[in-house]
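S.K.: Got a structure here, written out as structure tokens. Questions coming.
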Amino acid sequence: MERFATVPEQPEAKRLLAAALAEGPAHAYLLHGPRGVGKTAAARAFASALLGDDPRAARDRPIHPDLYLLERVGEMIRIDDIRELRHDLHMRPFEGDRRVYLVLDAHLMNEDAADALLKDLEEPPEYATILLVADELGSLPETIRSRCQLVPFRRLSDGAVRAWLTEHDPELEDAVRSAVARSAGGRLDRARRLLDPDAVERRARLVEAARSVYLDEAFEPTAAAAVVLDAMRAAGEEAKGSEQEEVERRELSGRDAEQRVRRAQRGAEREELLAALEGLAAWYRDLVVLAEGAESAVVHADRLDDLRADVGRDAGLRAAEAAELARQAWREAEEFNVNASLALEALFVRLHRALA
């Protein structure tokens, strides 16, 4: 298990991967679960172990000749990417007796790419181990899933996220650490973003928007929705800038580079929308929890004074309904391609009816 020491928790995944190393690996593995819970780190550690714990294979940009890394370039993994992998797949190992193929963001394979990969999953060379890393299973064909050993990853506990926060920012106040850990939803990538000063400010504005629903006599749903939309735009622009730097570093150009940047921007905007809806649900849930006297269970531990004041104004009486409205909006945004502006304005109208 020490090979996976950098991956917090995930006992089932670690057990399955450790057993594979002890008993001999299968030809293909599919590591799946939410973003930010250790899948990629575990896959890299597993690949390195299969290649004799060679440090060249453990790097973010591996240079081991028997480790093939496939990352998407544009919006998706296309058939040409898989064709290149297939060409390499039939070359025997350069140094040892095994070659490892690590495919990140495997859930972004298009149909043609998945069909092409399936042929080698059915009859792979005896020296090859294919590692697929995916944020979701639903977008992968059943034929792909059924030919891989599934390795599930779960959301991390609040305790694991708090431990990570303590290690990365030991000066963080306890109340803030607890609030960030609970708001992160078991994901280290989200916890990392919540520590960013701009994200801290966005979170504060979201809380004020949540409170304005029942505190502001002249409440405007459009203004409240704008708080989330502005946060989405800011997150999208930040992701766009970072991805453009990565594109330039890789010397990419043309359609694939444009699509990669566009996907990063849209993905960040969607992630910010989902995080905001979770934040709204968490605030109204906190009102319910505090009204019931369970202060230690609130998510917004750094805003206890505001929560107490609002509960004192009877804001907790119908907050359970508001929390469910926000959760329903999250489910719809997670499942469908919603118009964020219209969906948010409609949500704040319903929240105001429930709480005003």
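FYI, it's all coordinate maths here, none of it is from the lab. None of these values were measured; they are calculated from a predicted model. When we count neighbours, we look across all protein chains shown, and the Cβ atoms used for this are built from the backbone with ideal geometry, even at glycine.
S.K.: Apply the Karplus curve 6.51 cos²θ - 1.76 cosθ + 1.60, θ = phi - 60°, to the phi angles in region 148-164 and return the couplings in whole Hz, x for Gly and Pro.
M.R.: 10, 6, 7, 10, x, 10, 10, 4, 7, 6, 4, x, 5, 5, 4, 4, 5
S.K.: If you plug each phi of region 83-92 into the Karplus form 6.51 cos²θ - 1.76 cosθ + 1.60 with θ = phi - 60°, what whole-Hz ³J(HN,Hα) values come out, in order, with x for Gly and Pro?
M.R.: 4, 5, 4, 5, 4, 5, 4, 9, 9, 5
S.K.: Determine the shape class of the chain: with a ≥ b ≥ c the square roots of the Cα gyration tensor eigenvalues, call it rounded for a/c under 1.5, and otherwise prolate if a/b is greater than b/c, oblate otherwise.
M.R.: prolate
S.K.: Under the rule of at least 5 residues apart or a separate chain, name every residue whose amide H is placed under 5 Å from the amide H of residue 151.
M.R.: Residues meeting the amide H criterion: 30, 31, 32.
S.K.: Give me, ordered by chain and number, the residues 5 or more places off residue 68 or on other chains with an amide H under 5 Å from its own placed amide H.
M.R.: Long-range HN contacts for residue 68: 100, 101, 102.
S.K.: Would you mind counting up the charge near residue 96? Only other residues with Cβ under 15 Å from its Cβ, with Lys and Arg at +1 and Asp and Glu at -1.
M.R.: Residues close to residue 96 contribute a combined charge of -2.
S.K.: Of all the C-alpha pairs in region 174-244, what % are more than 16 Å from each other?
M.R.: 57 percent
S.K.: Further question on the same structure: List the residues whose amide H sits under 5 Å from the amide H of residue 109, counting only those 5 or more places along or on another chain, with H placed 1.01 Å from N in the peptide plane.
M.R.: Here 77 satisfy the definition.
S.K.: Also, I was wondering about something else. Among 304-314, 124-134, 5-15, how do they line up by average Cβ neighbours within 10 Å per residue, starting with the highest?
M.R.: 124-134, 5-15, 304-314
S.K.: Tell me, in nm to one decimal, what length is gained between residue 88 and residue 346 on full extension, where the rule is 0.36 nm per residue of separation less the Cα-Cα distance?
M.R.: 87.7 nm
S.K.: I need the P(r) histogram for region 72-177: all alpha carbon pairs, bin width 10 Å from 0 out to the longest distance, whole percents.
M.R.: 13, 36, 22, 17, 11, 2
S.K.: Turning to a different aspect of this structure: Net charge within 12 Å of residue 42 by Cβ-Cβ distance, Lys/Arg positive one each and Asp/Glu negative one each, not counting residue 42 itself?
M.R.: +3
S.K.: While we're here: Any idea what the dipole of the chain comes to, in debye rounded to 20, about its Cα centre with Lys/Arg Cβ at +1 and Asp/Glu Cβ at -1?
M.R.: Around 440 debye, computed over the chain.
S.K.: At a Förster distance of 41 Å, what's the computed FRET efficiency of residue 6 paired with residue 320, Cβ-Cβ distance as r, to 0.05?
M.R.: The formula returns an efficiency of 0.55 here.
S.K.: Just the number, please: Stokes-Einstein D of region 184-335 in µm²/s, Kirkwood Rh from C-alpha pairs, 4 °C, 1.567 mPa s.
M.R.: Here the translational diffusion coefficient equals 77 µm²/s.
S.K.: Which whole-Hz couplings ³J(HN,Hα) result when phi for each residue of region 345-356 is put into the Karplus expression 6.51 cos²θ - 1.76 cosθ + 1.60, θ = phi - 60°, listed in order with x for Gly and Pro?
M.R.: Values per residue, Gly and Pro as x: 5, 5, 4, 5, 4, 5, 5, 5, 4, 6, 10, 5 Hz.
S.K.: As an exercise, find the ratio Rg/Rh for region 194-233 from alpha-carbon atoms, using the Kirkwood inverse-distance average for Rh.
M.R.: Rg divided by Rh gives 1.02.
S.K.: Just add up the charged neighbours of residue 152: K/R +1, D/E -1, any other residue whose Cβ is under 15 Å from the Cβ of residue 152.
M.R.: +3
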